[in-house]
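Before we start, here is the structure in question, set down as structure tokens.
The values are calculated or read from the model by the stated rules, or taken from the named source; none is laboratory data. What you see is a predicted model, and the numbers here were worked out from it, not measured in a lab. Here the Cβ positions follow ideal geometry from the backbone for every residue, glycine too, while neighbour counts run over all protein chains shown. Just the protein is used for accessible areas: all its heavy atoms, side chains included, with ligands, DNA and RNA removed. Shrake-Rupley method; radii C 1.70, N 1.55, O 1.52, S 1.80 Å.
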Amino acid sequence: MSEPLGATRPDWLLLATDLGAGCDRAMDRAAQLARQWQLPLSVVHATPAGAVDAWPTSAHDASPRQPPERTAAIERQLRQDLGEDLPGLSIHVAEGEPADVFLELARREGHGLIVLGSDRAGFADGSPGRTAERLVRASPASVLIVRQRPRGAYRHLLVGTDFTVESRDGLRAAASLFPQARIVLMHALDIPYQSLWLDAARRQEFIEMEMATVAAFLADSDLPEAARQRIHPLVEHGHPEIMLRQYVLEKGADLTVIGAFNRGLAFRLLIGGTAQRIVQAVPGDLLVVRATPATG
């Protein structure tokens with residue numbers, strides 16, 4: 001049986017870039033993680049056929065295909081920006097729909113992590129959020145969306161849980177990948193009309209019941225004791241995306257972690273939409289964890 005991401009580091013890092021200024025923060029974070037984990041980093045730039053991307057081109061270049069000298073210039077610039085000390089740095093310039101290119105690479109390479117810039121910045125296809133949305137929905141690899149300028153390693157993590165298997169994978173990933181970070185494990189539950197039927201005493205009783213459920217979830221997560229000591233449970237009442245957003249804004253968590261659903265289309269339509277809302281609502285960096293499918 002294959003291990004989930006939470007039990008091991010990814011085998012590779014893939015930086016998806018459109019070469020625009022909006023990707024600089026993702027580039028810096030990808031380089032920092034590659035050095036921290038001593039992992040190979042692949043930088044991939046994809047442009048749809050006939051599209052104009054962020055790289056400057058000559059007005060005399062009438063060909064929609066990328067000339068060899070342009071590809072070489074892109075590679076030189078990226079190596080200069082990233083530094084030559086990265087382990088296993090490789091750069092690929094491809095023609096095709098960016099999301100299709102990145103998804104194909106992820107499917108071919110297996111257990112890894114895709115790093116990309118803010119989904120609000122847009123990619124070369126001119127559709128803000130389209131590439132990030134497709135990767136979050138369909139990538140077999142985990143996805144890290146970078147919005148903040150890196151200032152060292154991640155130190156304050158917010159992990160969202162709804163007690164599903166996927167959210168347990170997210171917690172394991174947070175504990176395993178960032179062993180020095182403080183982790184806040186939040187369960188957010190929206191209770192309709194709670195003010196009408198929950199008085200102060202009942203609300204406290206309800207919170208205690210929820211905290212007991214969180215404790216049971218932690219006990220079932222099979223984490224070492226050292227990791228448990230870094231985890232601080234938190235129960236909030238409200239829409240998950242709103243509660244996560246408020247915590248990041250108020251407490252300054254530098255990475256939010258959620259698990260990605262591995263189930264069928266009907267399940268994703270009914271429940272998985274929460275993940276998409278979280279991606280759009282939560283400020284700061286966001287890691288969407290995809291567990292490695294079990295085999296055998």
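Just to check your reading of the model, which residue among Gln38, Gln32 is at pLDDT 60 or above and open to solvent by 80 Å² or more (accessible area, probe 1.4 Å)? Spell out the reasoning first.
Details: Gln32 fails: open to solvent by 80 Å² or more (accessible area, probe 1.4 Å).
Just a single option satisfies the conditions, and that option is Gln38.
For segment 213-265, name all the residues that are in contact (Cβ under 8 Å) with a residue 60 or more places away in the chain, open to solvent by 60 Å² or more (accessible area, probe 1.4 Å) and more than 24 Å from Ala291 (Cα to Cα). Write out each step before concluding.
The first filter runs over segment 213-265 and keeps only residues in contact (Cβ under 8 Å) with a residue 60 or more places away in the chain, leaving 231, 240, 244, 247-248, 251-262.
Narrowing further to those that are open to solvent by 60 Å² or more (accessible area, probe 1.4 Å): 251, 262.
The answer is Lys251, and nothing else.
A further question on this structure: State all residues of segment 247-280 that are assigned to a helix (DSSP H, G or I) and modelled with pLDDT of 90 or more; if no residue qualifies, say none.
We begin by selecting, within segment 247-280, every residue assigned to a helix (DSSP H, G or I); these are 247-251, 265-280.
Hits for segment 247-280 are Tyr247, Val248, Leu249, Glu250, Lys251.
Scan Ala49, Ala59 and give me the residue that is out of contact with any Gly (no Cβ under 8 Å at 6 or more places or on another chain), modelled with pLDDT under 85 and outside any helix (DSSP H, G or I). Full working, then the answer.
Values: Ala49 fails: out of contact with any Gly (no Cβ under 8 Å at 6 or more places or on another chain).
Of the residues listed, the single one that is out of contact with any Gly (no Cβ under 8 Å at 6 or more places or on another chain), modelled with pLDDT under 85 and outside any helix (DSSP H, G or I) is Ala59.
Oh, and also: Within segment 157-173, identify whether any single residue is out of contact with any helix residue (DSSP H, G or I) (no Cβ under 9 Å at 6 or more places or on another chain) and modelled with pLDDT of 95 or more, and answer yes or no.
Scanning segment 157-173, I find no residue that is out of contact with any helix residue (DSSP H, G or I) (no Cβ under 9 Å at 6 or more places or on another chain) and modelled with pLDDT of 95 or more, so the answer is no.
Per-residue answers, yes or no, for (1) of a type outside the set (Lys, Arg); (2) in contact with a helix residue (DSSP H, G or I) (Cβ under 9 Å, 6 or more places away or on another chain); (3) modelled with pLDDT of 75 or more:
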residue: Ile74; (1), (2), (3): yes, no, yes
residue: Gln77; (1), (2), (3): yes, no, yes
residue: Gln80; (1), (2), (3): yes, no, yes
residue: Leu89; (1), (2), (3): yes, yes, yes
residue: Glu95; (1), (2), (3): yes, yes, yes
residue: Asp100; (1), (2), (3): yes, yes, yes
residue: Glu109; (1), (2), (3): yes, no, yes
residue: Gly112; (1), (2), (3): yes, yes, yes
residue: Asp119; (1), (2), (3): yes, yes, no
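Right, another one. Among the residues of segment 1-18, what is the count of those that are modelled with pLDDT under 90, of a type in the set (A, V, I, L, M) and buried (at least 22 other Cβ atoms within 10 Å of the Cβ)?
Qualifying residue count, segment 1-18: 1.
Now for a separate question. Only one of (1) among the aliphatic types (A, V, I, L, M); (2) within 21 Å of the chain's Cα centre (by Cα); (3) outside any helix (DSSP H, G or I) fails for Leu244. Which number is that?
(3)
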